[in-house]
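See structure below.
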Amino acid sequence: MAADLAPLILTALLPKDLHSWATNLRDCHFPSERNFLEAHVTLFHALPPQYEGEVMDLCKQMAGELAPIDAQLVGVMPLGKGTALKLESQGLLALRDAIADHFHGLLTGQDQHRPRLHITIQNKVTIEEAKALQAELADHVEPCRFAFRGLGLFRYRGGPWEARGDYVFRGRERAI
């Protein structure tokens, strides 16, 4: 895709230890021919590419104002033909809502809806394979609290994503 047409993907940055653990799970269970990415939490799948500067400015502003955002790993989440780690964070969803309001009228149908927060660790396998992994992980994934450390911006390149910037929360303001 031409640089000016490649959509922007906005993610929430996981703490490094959770990111490493989830990336390892993904490397073990995601079909290798489709596994181009590390573990991530997608907030927006396709922000308009022509607004990259505005997206970056908004992310910088939010990173400067907000403290890391509280969250919880809840457990295993079925995705039909895949498996994810289910997350909860009212603060992150409130931040996402603010970004969606800012870009009102420019969002795709998919990005107009609040996401179910998760980290995909397996996708595009058979339902039987997905259920087997969910059963295997059910006893090993312990609920825990953590904090999102910032926002990550990427351009979609078909497979691998092109990193455009990390915006680490360093402010004092707490998200809801």
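Taken together, the values in this text are just the output of simple stated rules run on the coordinates, not laboratory data. Here the structure is a predicted model, which means the values were calculated and not measured. All Cβ positions, glycine included, derive from the backbone under ideal geometry; neighbour counts span all protein chains shown.
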Fill in: Of the trypsin sites (Lys or Arg not before Pro) in segment 21-100, those whose Cβ has at most 15 other Cβ within 10 Å and which sit in DSSP loop
LYS81
Discussion item. Just checking my list (i) 51; (ii) 27; (iii) 33 against percent of Cα pairs over 25 Å apart computed from this structure; which label fits?
Written reply: (iii)
Discussion item. For the chain, what does the helix formula give at 222 nm: sum of -39500 (n - 2.57) over DSSP H segments with n ≥ 4, over the residue count, nearest 500 deg cm²/dmol?
Written reply: -9500 deg cm²/dmol
Item to complete: May I ask for the equivalent-ellipsoid semi-axes of segment 52-147, computed as the square root of five times each C-alpha gyration tensor eigenvalue and listed largest first in whole Å?
Response: 30, 18, 10
Discussion item. Under 8 Å for C-alpha pairs, at least 6 residues apart: give me the relative contact order for the chain, rounded to a whole percent.
Written reply: 36
Worksheet, complete the sentence: With label points set 7 Å from each Cα along the Cα-to-Cβ direction at ALA46 and THR126, the distance between them in nm comes to 3.2
Item to complete: Please determine, in degrees from 0 to 90 and to the nearest 10, the orientation of helix 52-65 with respect to the longest principal axis defined by the Cα atoms of the chain, where the helix direction is its Cα long axis.
Response: 80
Worksheet item: How many angstrom separate the Cα center of segment 115-176 from the Cα center of segment 19-96?
Response: 4
Item to complete: Using R₀ = 30 Å, calculate the FRET efficiency as 1/(1 + (r/R₀)^6) where r is the Cβ-Cβ separation of ASP101 and ALA135; round to 0.05.
Response: 0.15
Discussion item. Straight-line reach only, C-alpha to C-alpha below 28 angstrom: list the lysines that LYS81 could link to, leaving out same-chain residues fewer than 8 apart.
Written reply: LYS16, LYS124, LYS131
Response to the item:
Bridge orientation stat for the chain from DSSP, antiparallel percent rounded to 5, came to 95
